[in-house]
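These notes are about the structure you will find just below.
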Amino acid sequence: MERINLNLLRALNVLLEQRNVTRAAEQLHISQSAMSRQLGQLRAYFDDELLVREGGDYLLSALAQELKPSVHSIVSQVENLRHETQIEPEKCQRKFTFSSTDYVANFIFPDVIRAIHAKAPRIDISYRQWQPDWIDQLGSLPIDFASTMISTPPENLHGIHLGHDYPVVLMSESHPLAQMKNVSSSKLIEYSFIRITAGGDKDSFLDTFLESQGLARRVAFEVPFYTSAFNVCERSNMLFIVPRHIADNARKVHAVLWKELEIDRLPQHEYYLLWHSIHHHDKTHRWLRELIADVMKDSIFSPKSMQ
C-alpha cells in the first residue's frame, strides 16, 4: 500500500483517540466489522499493530503514540477546509471588479461604495463598463459582479433579481411630440434616435416591430454613456428608448420627459446582479454580492423603486 486515503486517516485519528474499535465505529457511524477492516488496512500500511489488545481494551503502540499528534493535526486541518468560516468584513483586504452601465456607476454605485466601506473599509472596488457580448465570457474575464438587463441568467451564471420595468421613449421637454399622450410608430420614425451601446439590449425590439410594419428608424447617435445621451436628448429632437426607471430619474436632472409607446407586446426588462459559477462558493464574494444587491434594490434610482 503506497498511499493512504483520507477516510483511513480519519479512522486512524478516531482509533488513536478512543483506543477501542467499538467506540471508534460508533463515533464514525459505521459497523464494528467495517472498523476492524480499516484497522487491518492501517496495520498493513504502517507495518505495525498500532492498537495492542490488553485485557478488554487496547494500548497504543510506540509508533501509534508517535503518530497521534500528527494525524490529529492533519485531520483537523482537512476538516476545517470543509466547515464554514466566519466572515470578518472589517478585516477583509481584497479587490473586486464590478461591471455595469455608467448609469449604475453614476447614480447607484456611490451608495454601494458607502455601504461597503462602512462595513469593510479595506475592500477595494474597480469598475469596468459592461459590454453586451461579455455575458458569455464572464468566467474568463476579471469581473466579479455584473449588473445588467437579461431575461434569465445563462448556464454557469448565478444572479440576484433586482427588479423589472418596461421601455418608454425619452425626449426633450420642448420636443414636437411632447404634447402627445402616447407615441405611435408612424410618429417615431419622423425623428432620429439615440442608442446606448453599453449594457443589455434595450431597444432592438423597436427595430423588429418597425420592420414588421415595413418601417425603419435612423439611429443618428450611438454612445456608451447615459450622461452624454441625456444631454443630447435634452438639446435636440432626437428620441431615446430607455427603461422606465431610467426615464423617471433622468427627469430629475435633465429637461426631458417620457411617453408610453403605442407598440403591442412591449418587452419586460429584467435586471440582475450576476456572477460566474467560479465565484459562487467564495464566502467573501457571497457576503459582498448580497450587500451590493440589497443596496441596489433599495436605491431610488433602481427599477425596484418603480414597483
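Remarks
- For segment 160-167, 3J(HN,Hα) computed residue by residue from phi via the Karplus equation (6.51, -1.76, 1.60; θ = phi - 60°) reads 10, 6, 9, x, 8, 7, 8, x Hz, glycine and proline entered as x.
- Ascending count of other beta-carbon atoms within 10 Å, so fewest first, for Asp48, Asp133: Asp133, Asp48
- Between Arg218, Arg43, Arg114, the residue with the greatest mean-square fluctuation in the GNM of the chain (Cα pairs under 10 Å linked by springs) is Arg43.
- In a fully extended conformation the segment linking Glu49 and Val223 would gain 55.0 nm over its present Cα-Cα distance, using 0.36 nm per residue.
- Relative to the longest principal axis of the Cα atoms of the chain, the long axis of helix 283-298 makes an angle of roughly 30 degrees.
- The chain - share of DSSP beta bridges that are antiparallel (%, nearest 5): 60
- Efficiency of FRET from Cβ geometry, Ser151 and Ser192, R₀ 30 Å, rounded to 0.05: 0.55
- All aspartates and glutamates inside 14 Å of Lys297 as judged from Cα atoms, apart from same-chain residues fewer than 8 positions distant: Asp111, Asp165, Glu270
- One chain, two ends: Arg37 and Asp294. Fully extended at 0.36 nm per residue, the span grows by 87.2 nm beyond their Cα-Cα distance.
- Comparing Asn106, Leu67, Gly40 along the charge dipole axis of segment 39-112, the residue lying farthest to the positive side is Asn106, per the Cβ-charge model.
- FRET efficiency for Ser204 and Ala178, using Cβ-Cβ distance with R0 set to 22 Å, rounded to 0.05: 0.30
- Counting every other Cβ atom within 10 Å of each residue's Cβ, Thr101, Thr152 order from fewest to most as Thr152, Thr101.
- Here segment 6-81 is described by how far its Cα atoms reach on the three principal axes: 38, 27, 19 Å, from widest to narrowest.
- Counted over segment 167-261, the DSSP beta bridges are approximately 50% antiparallel.
- Distant-in-sequence amide H partners of Arg94 (H built 1.01 Å from N, under 5 Å): Ile123, Asp124
- Note, ³J(HN,Hα) from phi for segment 39-55, Karplus 6.51, -1.76, 1.60, rounded to Hz, x at Gly and Pro: 4, x, 5, 5, 5, 5, 5, 8, 6, 7, 5, 6, 10, 10, 5, 9, x
- Of the beta bridges in segment 114-242, as assigned by DSSP with both residues counted there, near 35 percent are antiparallel.
- Most mobile listed residue (Ile278, Ile263, Ile74) in the chain, GNM with C-alpha springs under 10 Å: Ile74
- Efficiency of FRET from Cβ geometry, Asp282 and Gln65, R₀ 41 Å, rounded to 0.05: 0.50
- Just so you know, the Cα atoms of segment 153-307 work out to an Rg and Dmax of 17.3, 54 Å.
- Applied to segment 27-38, the Karplus parametrisation 6.51 cos²θ - 1.76 cosθ + 1.60 on θ = phi - 60° returns per-residue 3J(HN,Hα) values of 5, 8, 6, 10, 6, 5, 5, 5, 5, 5, 5, 5 Hz, with x for Gly and Pro.
- Sequence of His117, His175, His281 once ranked by neighbouring C-beta atoms within 10 Å, starting from the fewest: His281, His117, His175
- Net charge contributed by nearby residues that have their C-beta within less than 12 Å of Ile196 (K/R +1, D/E -1): -2
- DSSP-assigned coil residues among GluC sites (Glu not before Pro) in segment 81-174, each with at most 11 further Cβ atoms within 10 Å: Glu84, Glu155, Glu173
- Mean separation of Cα contacts under 8 Å (6+ apart) over length of the chain, as relative contact order %: 21
- Between Arg94, Arg53, Arg251, the GNM of the chain built on Cα springs shorter than 10 angstrom shows Arg53 fluctuating the most.
- For Ser192, the amide hydrogen comes within under 5 Å of the amide hydrogens of Leu239, counting only partners 5 or more places away or on other chains and with H modelled in the peptide plane.
- Distances between placed amide hydrogens fall under 5 Å for Thr148 paired with Tyr272, Leu274, all partners being 5 or more residues away or on another chain.
Values in this text are rule-based calculations from the coordinates and carry no lab data. From a predicted model like this one, the values you see are computed outputs, not experimental measurements. Neighbour counts run over all protein chains shown; Cβ positions are idealised from the backbone, glycine included.
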